[in-house]
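K.L.:
Before I ask anything, here is the structure I am working with.
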Amino acid sequence: WARALLAVSAHRADAASIVATAAADLGGSEEPMIRRFARRAEVLAATLLPEAEATARVGALRQSGIADAVAHVYIGRYYERAGARILAAQHFDRAADLEPELGVALYEKGRFYAAAGDDKLRTDAAWQAYLALAPSGPRAERAKGIALPAPG
């Protein structure tokens, strides 16, 4: 799973294949947490496929039901890249609803709404919930810069 995430972050051409292999390898486990990672890998792999395949596979996964916040973040990012703003919003919202204390879900929801610039209430609510977790690092600094008014 870690190798798969590294392949994605490095924008490797074979990332979809590496992630799909990780999903298959992890999917055979009986451990609930490993099965959760398998499902995440399955969703992430689908979002990395060529457009026509990704559309069909992501649609099928949505129909199968997804109860994992990180998987919803992956789907939200996919739909955002595809320009399907309403679907992206649904998945970012669902991620934050499923795990309201998961920093990545709150961060991505806030980032999505801030980038659109058309839903200040949702943007502010997501940023405030994210910052209430007392995160640190580059994401937290970006959120603080957007969420809080500039001094002066």
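K.L.:
Let me see the pair-distance distribution of the chain: every alpha carbon pair, 5 Å bin width, integer percents in order.
P.N.:
Bins of 5 Å from zero give 2, 10, 17, 20, 19, 16, 10, 4, 1, 1, 0, 0 percent of pairs.
K.L.:
Using a probe radius of 1.4 Å on heavy atoms only, what accessible surface per residue do you get for the range 59-152? Whole Å² is fine. Mind showing how you got there, number by number?
P.N.:
Details: 4990 Å² over 94 residues.
Per residue, the range 59-152 has 53 Å² of solvent-accessible surface.
K.L.:
So how do 6, 133, 106 rank on accessible area, 1.4 Å probe, biggest first, that is with the largest at the start? Before the final figure, lay out each step's value.
P.N.:
Values: 6 115, 133 70, 106 10 Å².
Highest to lowest solvent-accessible surface, that is 6, 133, 106.
K.L.:
Give the residue from 65, 43, 123 lying farthest towards the positive end of the charge dipole for the range 35-152; charges sit on Cβ (+1 for Lys and Arg, -1 for Asp and Glu) and the dipole is referred to the Cα centre.
P.N.:
Towards the positive end, the residue furthest out is 43.
K.L.:
Ranked from highest to lowest mean number of other Cβ atoms within 10 Å per residue, what is the order of the peptides 45-54, 29-38?
P.N.:
Details: 45-54: 16.8, 29-38: 13.0.
Listed from highest to lowest mean packing, they are 45-54, 29-38.
K.L.:
Provide the FRET efficiency to the nearest 0.05 for the residue 90-residue 128 pair, computing r from the beta carbons and using R0 = 25 Å.
P.N.:
0.75
K.L.:
Kindly identify the range 50-105 as rounded, prolate or oblate by the Cα gyration tensor criterion: order the square roots of the eigenvalues as a ≥ b ≥ c, call it rounded if a/c is under 1.5, otherwise compare a/b with b/c, prolate if a/b is larger, else oblate.
P.N.:
Prolate, since a/c reaches 1.5 and a/b exceeds b/c.
K.L.:
Classify the range 1-68 as rounded, prolate or oblate from the Cα gyration tensor: take a ≥ b ≥ c as the square roots of its eigenvalues, call it rounded if a/c is under 1.5, otherwise prolate when a/b beats b/c and oblate if not. Don't skip to the answer; put the middle values down first.
P.N.:
On the way: a/c = 2.20, a/b = 1.08, b/c = 2.03.
Verdict is oblate for the range 1-68.
K.L.:
Would you mind telling me the share, in percent, of accessible area of the chain contributed by carbon and sulfur at probe 1.4 angstrom?
P.N.:
Of all accessible area on the chain, carbon and sulfur atoms account for 57 percent.
The values are calculated or read from the model by the stated rules, or taken from the named source; none is laboratory data. Small disclaimer: the values here were computed from a predicted structure and weren't measured. In this analysis, Cβ positions are derived from the backbone assuming ideal geometry, glycine residues included, and neighbour counts consider all displayed protein chains. These accessible areas exclude ligands, DNA and RNA; they are computed on the full protein's heavy atoms, side chains included. Shrake-Rupley method; radii C 1.70, N 1.55, O 1.52, S 1.80 Å.
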